Each structure stands twice: as structure tokens, then as C-alpha cells.
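Worksheet for the structure shown next.
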Amino acid sequence: MINNVRRVFKISVLIVLCFITNTIEAQLTDLARLEYSFIPKSDSEDEYTRFRGSFNIPLQTSEDCYFIVGAEYNRIILDLEDEYPFNTEALRRIHVADLNLAYTFKTSENWRLGLRFSPRIASTLTGSLSMDDMFLNGGVFAINDRRKDTALKRPYRLILGLTYNSTTGLPFPLPFISYFRQVNEKWSFNLGIPKLNLKYYVNEKNSIQSFFSIDGYYAHIQDRIAINEKQAKYISLSAIVGGVGYEYAFTKHLVAYAYTGYTLRLTNTIRENNRDKLFNLGNVNAFYLRTGLKFKI
């Protein structure tokens, strides 16, 4: 039992933290986002492409209290052109859709508490929806955001929390931490999972950065695929990426961005009902590209 929990933790938690953290960061700062990601498989014709769209609407309920309604949709395209010992047609389209509901309020002059509930559909959607396509995410977060505090020489934002995600297979919440610091007018950094970066502000419109991040997905396979006399039920991808990024601010709120780099760890896996690895679609590191447009607070 302990070994199974450890194995699930190592395999799943990086994938899940990617979606958890991106949702938290987006609900804090992004009102809308359109994004394109691309990972070609090295020495192969296989490719991974993702289109992502999201929005968040903050509704003020009282002074310093907000209810946030949002949604995010990811369309993942797997172009599997290599030869595999099974039919890959049912794996070519993966859909991940989140409904994001959050409530945040001040608890003191500098601290704010946030609660989030995000039901998710993550599936190949080749048939009718079932409970196997449904996943639950949620969390509670304490936020100390002093980035606009003019009294501070080095403004910062600290987020501490606990998150729960049903795709991990773990019956308990996981810790969450994110720390941003503005060192001076030209430099800032962010420490956390899955985002770690060092940013240089060239001027008011242009900035560049080095980064390490986590990307991936976890979804249900609706069409049963037999592999080695076993049934495939889930498919997951996890990628640890390092590289450089560029952002251009058209206005204070509208920003275009592009990140390029190389995967330091890449695993694309088909899994059984108990989440154990059944077949590895690829683990060769490859080029990574992510670009998009966001409208932020």
C-alpha cells in the first residue's frame, strides 16, 4: 500500500500541480488568456499540440471581498504517426475543461484568504460522459500581496495553501507555496512549483526571462484499448521544461508572450485502472514552445 502511494505521488503530483498553480495564478491576475503549446517528439513524427483558452470574472460582493467565476478549456492534439502495437485513433484528441469558482476576502491589512473549487472534465470524449471523466480540484490559500506597496523597497507576493486534486489518487491535500519578489526596477524572481523564473525588464513594454516550469495533462480514455491483455483507462503527460521567455506589453493590461526551451524530463504514458503504467508513448526530451496573449489586471 505504501509503495503504491509513493509511486502514484511521483508519477502524478507534478502533472497535477501544473494545473493547480496555473489556475491560482490566473485567478489572481488574468482576466482572459489564449495560448498555443507545441512539443515535437525527437527522432519521430509524433507531435503534441495544445490550444488553451480561459477567462475569469471577479464580482465584488462587499468591500475587499470578491467572488470569481471562470472557466478554462484545453484541446490537446496527439499526432501519433509512429507504429504502435494498438490503434491510437482514440487518443488523438483530449479535452480538459474546468469550471473555476473562487471566493477571496481580506483577513487583515496585508493578508487575504482564498477558497477555490474547480470541477473538471478530462477525457478523450469519444462517447458519452461518465463519472470516470469527472475530477475535482480545490484548495484554500493565504495570500500576502504587497507588490503595489510603495513603502517597500522590494515588493513581494507570498501564497501559502493546501490543494486537493482527485487525479493524484491521494486522499489528502498537498501543500502549495509561491513567492514573488521585485528586486529592483529591472529584476524580479518567482520561486515555487511549477513556476520558477528570473525576469529582466528591458523597458516598460519589453521583458525577458529564464524559467523552469512543469507542463502536462491527465485524462480518461473513453474507448477501451487492449495493451498486453490489459485495459488502458488513463493517459498522462508530464514535462519539466527549462528555457527563455519574452513578453511584450501592448498596454498595461494586454500582454503577448512566447516561451521556448527544452524538456528536461518528458513522460507520456498510458495507464491502467489502478493508475499503474501500462505503455510508454515516449520519454525522449524535445523542443518546447508556448506562446499566447493574456489580458490581466
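For a 23 Å ceiling on Cα separation, which of these pairs sit above it: K148/K186; K41/K294; K41/K199; K148/K294?
Over 23 Å apart, Cα to Cα: K41/K294; K41/K199.
List, in order, the whole-Hz ³J(HN,Hα) value for each residue of region 81-93 obtained from phi through the Karplus relation with A = 6.51, B = -1.76, C = 1.60 and θ = phi - 60°; use x for Gly and Pro.
Per-residue couplings from phi come out as 9, 6, 7, 10, x, 7, 7, 9, 4, 6, 9, 6, 10 Hz.
Let me check against my output: what whole-number percent is the relative contact order of the chain, with C-alpha pairs under 8 Å and at least 6 apart?
17 percent
Angle, helix 2-29 long axis vs. longest principal axis of the chain, Cα atoms, 0 to 90°, nearest 10?
It works out to around 40 degrees.
In this model, which of K233/K277; K106/K153; K252/K296 are farther than 18 Å apart at the alpha-carbon?
Result: K106/K153 exceed 18 Å.
So what's the back-of-envelope 222 nm ellipticity for the chain, counting only DSSP H runs of four-plus at -39500 (n - 2.57) apiece and dividing by all residues, rounded to 500?
So the calculated ellipticity at 222 nm is -3500 deg cm²/dmol.
Just to be sure I understand: with springs between alpha-carbon atoms less than 10 Å apart, which residue in T150, T163, T107 has the highest mean-square fluctuation in the Gaussian network model of the chain?
Highest fluctuation of the listed residues: T150.
Pick from R181, R154, R50 the residue whose mean-square fluctuation is largest in a GNM of the chain, springs joining Cα atoms under 10 Å.
R154
Return the FRET efficiency for the residue pair K153, I57: r is the Cβ-Cβ distance, R0 is 45 Å, and the value is rounded to the nearest 0.05.
0.85
A short reminder: the numbers here are calculations on the coordinates, not readings from a lab. From a predicted model like this one, the values you see are computed outputs, not experimental measurements. Please note: Cβ atoms are built from the backbone with ideal geometry, for glycine as well, and neighbour counts cover all protein chains shown.
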